[in-house]
Amino acid sequence: MSTAKHDGKVRGLQFSPWNLLLIVPLLVLVTPLFNMDGPRLFGMPFFYWFQFLFVGIGVLSTWIVYMMTRDKPTVDAADKLSVDDLDEGDAR
Amino acid sequence: MSNLQWPELIIFTILFALVTVLGFMASRWQRGSTLDHLDEWGLGGRKFGSWITWFLLGGDLYTAYTFVAVPALVFSAGALGLYALPYTIVVYPIVLLPALRMWSVSRVRGYVTPADFVRGRFGSPILALLVAITGIVATMPYIALQLVGLEAVLRTMGINGSGIVGHLPLLVAFVILAFYTYQSGLRAPALIAFVKDILIYIVILVAIIYLPSKLGGWSHIFDTAVSKFDKTPAKTDGILLNANNQLQYATLALGSALALFLYPHSLTSVLASRGRSVIKRNMVALPAYSLVLGLLALLGYVAITAGIKPLTNAATGKADGNTIVPVLFDSQFSSWFAGIAFAAIGIGALVPAAIMSIAAANLWTRNIYKEYIRKNATPQEEAKQAKLASLVVKLGAVAVIILIDPQFSIDLQLIGGVLILQTLPAVALALYTRWFHRWGLIAGWVVGIGWGLIMLYGIPNPANGKQHFGGSALSLGNLSLFGWHPFSGSAVQIYVGFVALIGNLVVAAIGTVIARQMKVFNGTDDTEPEDYHTDEHDKNLRPIGVH
């Protein structure tokens, strides 16, 4: 989502090249890449630790897209509020 | 009922009582001006922040059934069961952008269900009705399956009777759940989800560190699994995929990911959030649960090494594979910690069951009751109707589990996943394009559902001797297009839902071209292009929960 807000309204499809990063985690669907026993890590076959690794890659890709496509940089104080305040915590 | 596990039962009951109190208190938590409005009862006031949404969505998507069924599948089939991991890895990158558009347009137009959106986008009550019915039909067995998860735990604690007495604890648990959901709406599962998820994280972390070290390390665990699978006659199991099930693995993961946020209960949690940034943060943070689910799946192998045997369901006389993980905890942990683990799974059944019943009730109220039965229902009447519907839905789920073989629900849920995927063109693609014609979409839905059901019907399961609805893996060799077999002789398997979706899209596209050629009226679009980008702080937003 780019920052194309003129009268405060955004129209049409907002595309950012950063969004393409969201395709990277889909590599975990290409099974021939990792359908093998070795090399093992902590005794775990490659098939397993490769996919656990991709949890991290998925988080990283989504996080970068989130950071790079924010409409306006907001200062995010850490959420250290009580449960009841959490709802409004970062709205104020 | 003779060998009750008292310490486990006591801890389980205490934690269960705690969440019951929370559930009733939730109606006063973050209260809006009224609970007699679907915005409030059904969506918690549309104001949940990042943390609450994280716990709510986590509690909603990673259900008790998932927690018992995925390791059970790994236990019996091996690598194939791990599809849950890529499934929950790819889902967030895929739905991030469409979920934002859905939130925005729903916030502006006051949509509560996916069918509301379809109604507004295409001006078609029929298409909306089809989407609503698909949602309800797909959700109902999912609720019933939460009871299967809960029962697996109860059975391990010794509550394994037959007949109505054996089901009594389940009935009590669900009646309590039904009452506090009736009273507190979506706030109840949101609050309980905190307890559930924290317990789950503790249990899994302990299990995944303690059990392998106790049982000789991961290397030994995987090697025992290999030798077990080598001894079985079936060729589809093993700790790696084989040439024939890799396509099934990938398409099942992708198809499940595409289907997940089409389920009404997932959208309910998304729409309950306060703004777009909440959703974005959650799509980044939710994979923490995927990690947990992946680790949990590995417990299937741990159970093999520990020599676990599934319990026999006293009501049906058949082995209940879903008891693998509870029995593993029971045999390996001290009884008080097993009690905590069982409570985590048990409460893990309540959260999604509550959200699902609310989502189904919202669909009933908005897209059937208000559309066809009482057109000028006030918001108070809508809320009243939805509360009653949520009771009916939950009691229906209990009745199905008690009166019919649980296998029926498992089959139905398998079918439900294929069905809900067929709403993708009308719900998800419509967020981006109005190109599809509403009659094309209806035709695509009919074909996708019909073809999906036919294919599922034709799949046998040699393992349990079932002739029909034996699984979701279709051998490409059996794929038939009006009698023509394009992949004749191939044993490569693919996920049925995926094939049906392709058929759906092709028919929808052809139908669209024809309808446009014939200049059939394509409904009016209530939404404006800027609706899809609205955010929480924009001016002149529709007030929430106002009559």
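The values are calculated or read from the model by the stated rules, or taken from the named source; none is laboratory data. Note that the structure is predicted; figures quoted are calculated from it, not measured. Please note: Cβ atoms are built from the backbone with ideal geometry, for glycine as well, and neighbour counts cover all protein chains shown. Only protein heavy atoms, including side chains, enter the accessible area calculation; ligands, DNA and RNA are left aside. Shrake-Rupley method; radii C 1.70, N 1.55, O 1.52, S 1.80 Å.
Test B:ALA225 against the criterion of being at pLDDT below 90 and either assigned to a helix (DSSP H, G or I) or within 13 Å of chain A (Cβ to nearest Cβ) (or both), and give yes or no.
Against the criterion (at pLDDT below 90 and either assigned to a helix (DSSP H, G or I) or within 13 Å of chain A (Cβ to nearest Cβ) (or both)), B:ALA225 qualifies.
Evaluate the following for B:LEU293: is it of a type in the set (A, V, I, L, M), more than 9 Å from chain A (Cβ to nearest Cβ), within 27 Å of B:ALA341 (Cα to Cα) and surrounded by 23 or more Cβ atoms within 10 Å (Cβ to Cβ)?
Judged against the criteria, B:LEU293 is a match.
Take the range B:528-547 and flag every residue that is more than 23 Å from B:GLY45 (Cβ to Cβ) and outside any helix (DSSP H, G or I).
B:GLU528
Quick check: is even one residue across the range B:48-62 within 12 Å of chain A (Cβ to nearest Cβ), over 25 Å from B:THR312 (Cα atoms) and part of a loop (DSSP other than H, G, I, E, B)? Break it down into steps so the answer makes sense when it comes.
Within the range B:48-62, the subset within 12 Å of chain A (Cβ to nearest Cβ) is B:48-56.
Then keep just the ones that are over 25 Å from B:THR312 (Cα atoms); that gives B:48-56.
Narrowing further to those that are part of a loop (DSSP other than H, G, I, E, B): B:49.
Yes, there is a match, as at least one residue in the range B:48-62 is within 12 Å of chain A (Cβ to nearest Cβ), over 25 Å from B:THR312 (Cα atoms) and part of a loop (DSSP other than H, G, I, E, B).
Taking the range B:80-106 as the region of interest, how many residues are charged (D, E, K, R) and either more than 14 Å from chain A (Cβ to nearest Cβ) or under 30 Å from A:THR31 (Cβ atoms) (or both)?
So the count comes out to 0.
Okay, residues lined up against (1) at the interface with chain B (Cβ under 7 Å from one of its Cβ atoms); (2) at pLDDT 85 or above; (3) out of contact with any Ser or Thr (no Cβ under 6 Å at 6 or more places or on another chain); (4) closer than 27 Å to B:ALA250 by Cβ:
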{"residue": "A:ALA4", "(1), (2), (3), (4)": "no, no, yes, no"}
{"residue": "A:SER16", "(1), (2), (3), (4)": "no, no, no, no"}
{"residue": "A:LEU27", "(1), (2), (3), (4)": "no, yes, yes, yes"}
{"residue": "A:PHE52", "(1), (2), (3), (4)": "yes, yes, yes, yes"}
{"residue": "A:ILE64", "(1), (2), (3), (4)": "no, yes, yes, yes"}
{"residue": "A:LYS72", "(1), (2), (3), (4)": "no, no, yes, no"}
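Each row is one residue, and each column tells you yes or no for (1) assigned to a helix (DSSP H, G or I); (2) closer than 30 Å to A:PHE42 by Cα; (3) open to solvent by 10 Å² or more (accessible area, probe 1.4 Å); (4) touching a Phe, Trp or Tyr at 6+ places or on another chain (Cβ under 7 Å).
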| site | (1), (2), (3), (4) |
| --- | --- |
| B:GLN146 | yes, no, no, yes |
| B:ARG155 | yes, no, yes, no |
| B:VAL175 | yes, no, yes, no |
| B:ALA178 | yes, no, no, no |
| B:LEU191 | yes, no, yes, yes |
| B:ASP197 | yes, yes, no, yes |
| B:LEU205 | yes, yes, yes, no |
| B:ILE209 | yes, yes, yes, no |
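What pairs come out if I take residues in the range A:40-64 that are under 28 Å from A:SER16 (Cα atoms) and pair them with residues that are open to solvent by 30 Å² or more (accessible area, probe 1.4 Å) and polar (S, T, N, Q) whose C-beta lies under 7 Å away, six or more apart or interchain?
That search, which allows pairs on different chains as well, returns nothing.
Of the residues that sit in the range B:257-274 and are within 12 Å of chain A (Cβ to nearest Cβ) and touching a Lys or Arg at 6+ places or on another chain (Cβ under 8 Å), which one is farthest from B:HIS533 (Cα to Cα)?
B:ALA272
I need the full set of residues from the range B:468-505 which are without any contact (Cβ under 8 Å) to a residue 60 or more places away in the chain, in a helix (DSSP H, G or I) and open to solvent by 50 Å² or more (accessible area, probe 1.4 Å), in order please.
Passing the criteria: B:ASN478, B:ILE502.
Taking B:PRO169, is it of a type outside the set (Val, Ile, Thr), closer than 17 Å to B:GLN146 by Cα, modelled with pLDDT of 90 or more and open to solvent by less than 50 Å² (accessible area, probe 1.4 Å)? Give the steps one after another, and end with the answer.
Details: of a type outside the set (Val, Ile, Thr): yes; closer than 17 Å to B:GLN146 by Cα: yes; modelled with pLDDT of 90 or more: no; open to solvent by less than 50 Å² (accessible area, probe 1.4 Å): yes.
No.
Of the residues B:ALA285, B:ALA314, B:ALA225, which is open to solvent by 20 Å² or more (accessible area, probe 1.4 Å), more than 28 Å from B:PRO141 (Cβ to Cβ) and in contact with a helix residue (DSSP H, G or I) (Cβ under 7 Å, 6 or more places away or on another chain)?
Of B:ALA285, B:ALA314, B:ALA225, the one residue that is open to solvent by 20 Å² or more (accessible area, probe 1.4 Å), more than 28 Å from B:PRO141 (Cβ to Cβ) and in contact with a helix residue (DSSP H, G or I) (Cβ under 7 Å, 6 or more places away or on another chain) is B:ALA285.
Quick one: in the range B:400-414, of everything that is within 20 Å of B:TYR263 (Cβ to Cβ) and in contact with a Ser or Thr (Cβ under 9 Å, 6 or more places away or on another chain), which residue is surrounded by the most Cβ atoms within 10 Å (Cβ to Cβ)?
Applying the filter and picking the extreme gives B:ILE401.
Can you give me the number of residues within the range B:520-547 that are more than 10 Å from every other protein chain (Cβ to nearest Cβ) and of a type in the set (Asp, Glu)?
Result for the range B:520-547: 2.
Under the condition of being in contact with a strand residue (DSSP E or B) (Cβ under 6 Å, 6 or more places away or on another chain) and either open to solvent by 40 Å² or more (accessible area, probe 1.4 Å) or hydroxyl-bearing (Ser, Thr, Tyr) (or both), which residue from the range B:228-256 is farthest from the other protein chains (Cβ to nearest Cβ)? Before the answer, list the steps.
Initial filter on the range B:228-256 (in contact with a strand residue (DSSP E or B) (Cβ under 6 Å, 6 or more places away or on another chain)): B:229, B:237-239, B:244-245, B:247-248, B:251-252, B:255.
Keeping just the survivors that are either open to solvent by 40 Å² or more (accessible area, probe 1.4 Å) or hydroxyl-bearing (Ser, Thr, Tyr) (or both) gives B:244, B:247, B:251.
Values: B:ASN244: 12, B:LEU247: 8, B:THR251: 8 Å.
Selected residue: B:ASN244.
Take B:ILE347 and decide whether it is away from chain A (no Cβ under 14 Å), outside any helix (DSSP H, G or I) and crowded, with 19+ Cβ neighbours inside 10 Å.
Details: away from chain A (no Cβ under 14 Å): yes; outside any helix (DSSP H, G or I): no; crowded, with 19+ Cβ neighbours inside 10 Å: yes.
Judged against the criteria, B:ILE347 is not a match.
Within the range B:50-57, can one find any residue that is open to solvent by less than 10 Å² (accessible area, probe 1.4 Å), touching a strand residue (DSSP E or B) at 6+ places or on another chain (Cβ under 9 Å), touching a residue at least 40 places away in the same chain (Cβ under 8 Å) and farther than 30 Å from B:VAL112 by Cβ? Let's see the steps before the verdict.
If we filter the range B:50-57 for residues that are open to solvent by less than 10 Å² (accessible area, probe 1.4 Å), which is where we start, we get B:52-53, B:56-57.
With the extra rule that they be touching a strand residue (DSSP E or B) at 6+ places or on another chain (Cβ under 9 Å), the set shrinks to B:52-53, B:56-57.
The next check asks that each one be touching a residue at least 40 places away in the same chain (Cβ under 8 Å); those that pass are B:52-53, B:56-57.
Narrowing further to those that are farther than 30 Å from B:VAL112 by Cβ: none.
No, there is no match, as no residue in the range B:50-57 is open to solvent by less than 10 Å² (accessible area, probe 1.4 Å), touching a strand residue (DSSP E or B) at 6+ places or on another chain (Cβ under 9 Å), touching a residue at least 40 places away in the same chain (Cβ under 8 Å) and farther than 30 Å from B:VAL112 by Cβ.
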